[in-house]
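Data block below; observations after.
Every read-out reported here was derived from the displayed coordinates using simple, explicitly stated rules and does not represent laboratory data. Because the structure is a prediction, the values reported are computed rather than measured. With ideal geometry, Cβ positions are generated from the backbone for all residues, glycine too; neighbour counts draw on all protein chains shown.
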């Protein structure tokens, strides 16, 4: 099991999490994708699923996990635990003993557990969830993520003792020569 996060919002962490989950499911693994971004959840929208109950409902309200996990409408081996309603204190939920137990139980039931989380900077969410997993994969928006923000995020992870599993570059950074070539417009003579 692992966590996917980014230094800042908009780097595509939720998209990468969903694509990795779908790819692993397509290869025959039983995958649980957890939307642990309890501040700005996106997975339910991407997967076309309801978010009436989910992770926050299990931890805060005692909803049984079996009723909160949803099957992907398009991927046979993919199961999704949406965030559920946004709680007043996401950190309290993510740091709870129940959260740790949920991740441990999921890791024995599924071949792979992927947790999407809130961006790293200014929040402890990703570090808290990473403590329950094998580590963290960091998504970097190519041409978007500021070097200083990336360095701060890496420093935070190092100080928290979070195992770094890798960095994923997300986005298109077309070479300026090719970009000019494809953007070139022919001007008609008058």
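To the nearest 10 degrees, how steeply does helix 13-26 sit against the main Cα axis of the chain, on a 0 to 90 scale? Between the helix axis and the principal axis of the chain, the angle is about 70 degrees. Helical runs (DSSP H, four residues minimum) scored at -39500 (n - 2.57) apiece and divided by the length of the chain put the mean residue ellipticity at 222 nm at -11000 deg cm²/dmol.
In terms of surrounding Cβ atoms within a 10 Å radius of their Cβ, 56, 14 rank from fewest to most as 14, 56.
Beta bridges from DSSP with both residues in the stretch 2-183: antiparallel share about 10 percent, rounded to the nearest 5. Classify the stretch 1-90: rounded, prolate or oblate, from the alpha-carbon gyration tensor (a ≥ b ≥ c, eigenvalue square roots; a/c under 1.5 rounded; otherwise prolate if a/b is larger than b/c)? The shape class here is oblate.
Note the angle between two axes, namely the Cα long axis of helix 147-160 and the longest principal axis of the Cα atoms of the chain, as a number of degrees from 0 to 90, rounded to the nearest 10. The answer is roughly 20 degrees.
Seen against the Cα atoms of the chain and their longest principal axis, helix 97-109 is set at about 80 degrees. Going by neighbour counts of Cβ atoms within 10 Å, the residues 55, 112 line up, fewest first, as 112, 55.
Legend: calculated FRET efficiency, residue 30 to residue 159, from the Cβ-Cβ distance at R0 = 35 Å, rounded to 0.05, equals 0.55.
For the stretch 128-172, the square roots a ≥ b ≥ c of the C-alpha gyration tensor eigenvalues yield an a/c of 1.5 or more together with a/b not exceeding b/c, which makes the shape oblate.
The ranking of 83, 96, 1 by Cβ neighbour count inside 10 Å, starting from the fewest, reads 96, 1, 83.
The alpha-carbon atoms of the stretch 2-183, seen along their principal axes, cover 55, 38, 27 angstrom, with the largest extent given first. Classification of the stretch 90-159 by its C-alpha gyration tensor yields a prolate form. The axis ratio a/c (a ≥ b ≥ c) is 1.5 or more, and a/b outweighs b/c. Taking every alpha-carbon pair under 8 Å whose residues sit at least 6 apart, the stretch 2-183 reaches a relative contact order of 31 percent.
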